[in-house]
1. Would you check which residues across the range 189-221 are free of Cβ contacts under 8 Å to residues at least 60 places away in the same chain and surrounded by 19 or more Cβ atoms within 10 Å (Cβ to Cβ) and list them?
2. Condition (residue is closer than 25 Å to G255 by Cβ, in a loop (DSSP other than H, G, I, E, B) and aliphatic (A, V, I, L, M)) applied to the range 311-326: is it met by at least one residue?
3. Considering only the range 159-190, state which residues are within 15 Å of V118 (Cα to Cα) and in a helix (DSSP H, G or I).
4. Just to be sure I understand, how many residues within the range 151-163 are crowded, with 18+ Cβ neighbours inside 10 Å and more than 20 Å from the chain's Cα centre (by Cα)?
5. Could you tell me whether the range 74-87 includes any residue that is part of a loop (DSSP other than H, G, I, E, B), open to solvent by less than 40 Å² (accessible area, probe 1.4 Å) and over 29 Å from I174 (Cβ atoms)?
6. Does P33 fit the bill of being open to solvent by 10 Å² or more (accessible area, probe 1.4 Å), touching a residue at least 40 places away in the same chain (Cβ under 8 Å) and not in a helix (DSSP H, G or I)?
7. Among residues belonging to the range 359-372 that are assigned to a loop (DSSP other than H, G, I, E, B) and in contact (Cβ under 8 Å) with a residue 24 or more places away in the chain, point out the one that is least open to solvent (accessible area, probe 1.4 Å).
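The values are calculated or read from the model by the stated rules, or taken from the named source; none is laboratory data. None of the values given here were measured: they were computed from a predicted structure. As a convention, Cβ positions derive from the backbone with ideal geometry for all residues, glycine included, and neighbour counts pool all protein chains shown. In case anyone asks, the SASA skips ligands and DNA or RNA and just uses the protein heavy atoms, side chains included. Shrake-Rupley method; radii C 1.70, N 1.55, O 1.52, S 1.80 Å.
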Amino acid sequence: MIEGRDPATGQVLRAEVDGERIIAVHRLAARDPGLPWLIPGLIDLQVNGYGGFDVNGAEASPDAVASITHILAGRGVTSWVPTIITGTEEAITASLRAVADARRADPVVAAAIPFAHVEGPFLSGEDGPRGAHDLAQIRPVDAAEVARWAGHGPLGYVTVSPHTEGAPAQIAAIVASGVRVALGHTHASPGQLQAAADAGATLSTHLGNGIFATLPRHPNPIWTQLADDRLTAGLIGDGHHLPADTLTAMARAKGPGRSFLASDSVALAGSAPGRYHQPVGGDVELHPDGRLTMADSPLLAGSGVNLAEVVAFVLTHTPLGLPTVVEMACATPARIIGDARIGRVQAGARADLVLLDEQGRVVDVLRQGARP
């Protein structure tokens, strides 16, 4: 048994767990404000690394993928999507093989990782939209290359900038192959973004980031993606990528079920403040407040937090409220993944459960029916 308050009603929930599954959920009429909130395990759709482990570059390995899985689970993130950034085709496929090997070696890891996300290399080459991605490896959208990647590991979605001629046709071919397409790191025009959605793009990667620091008042790529109900938008809620009021306005503009929270964490997440050299990304600085930038630059280089910290920040710095935050960190990511067994507290679901205190901090975790 595990008990906690229902974020939607405040009533007591009592979940019965048998092995890896929830077998029953009892709703009690009583209210107990002393109980923590009971929510599903958190689901992070964008993790480049964590705890000193990376899914990119020479550091990528099955052991690194497994280590991230277990560390994140202890913090309440029971499902996550390894995010592989811009690189050579060989580097991308090596990371995908590491994910595939980790999933084959451990059923717990396989359950936690539905697939991988490749962010790039089909991105804008412009400073600003490109972010920290390697300019030398930026190239136009290529469905044939994506098909080759998919032969090496579980590929769920790819982030592209649809600014190049022929991008819609390439996006349509990628979607037809069973891989989702997200839009991001882009300087594409509104018309090009709309054409990408027409071709089958359904996601926006960390909307509001990976874009020029100064934009026309209107039109611009943010307005276009906010307005398009076909696009479900990822939002990095660490307090650095998006100010709290910006995140609030974006979530409200997208509406229920059309935005999700992500960490965009990198291997340095959780490390002590200081300057570091990363095999992928080069020299960076992790500031005392958790902000991670390129060295001697305000340009962000991923984030230094996990999704549980994102949830706590959004709960304590925005008016969105716990039910909305749970939807953005659990139900909506589960829908994107396409797995009805996660992202919900109900009979038949996987026993991934998290207890939160009033500030949104994790106080207990069950992963697949056991404490990690």
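1. We begin by selecting, within the range 189-221, every residue free of Cβ contacts under 8 Å to residues at least 60 places away in the same chain; these are 189-202, 204, 207-208, 214-221.
Passing the criteria: Q192, L193, Q194, A196, A197, A199, A201, S204, L207, G208, P221.
2. Yes, the conditions are met somewhere in the range 311-326.
3. Correct list: I171, I174, V175.
4. 3
5. Yes, the range 74-87 contains at least one residue that is part of a loop (DSSP other than H, G, I, E, B), open to solvent by less than 40 Å² (accessible area, probe 1.4 Å) and over 29 Å from I174 (Cβ atoms).
6. In short, no.
7. Ranking the qualifying residues of the range 359-372, first place goes to G360.
Condition check ((1) of a type in the set (S, T, N, Q); (2) in a loop (DSSP other than H, G, I, E, B); (3) farther than 30 Å from A136 by Cβ) across all residues:
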position: G290; (1), (2), (3): no, yes, no
position: S297; (1), (2), (3): yes, yes, no
position: A340; (1), (2), (3): no, yes, yes
position: G343; (1), (2), (3): no, yes, yes
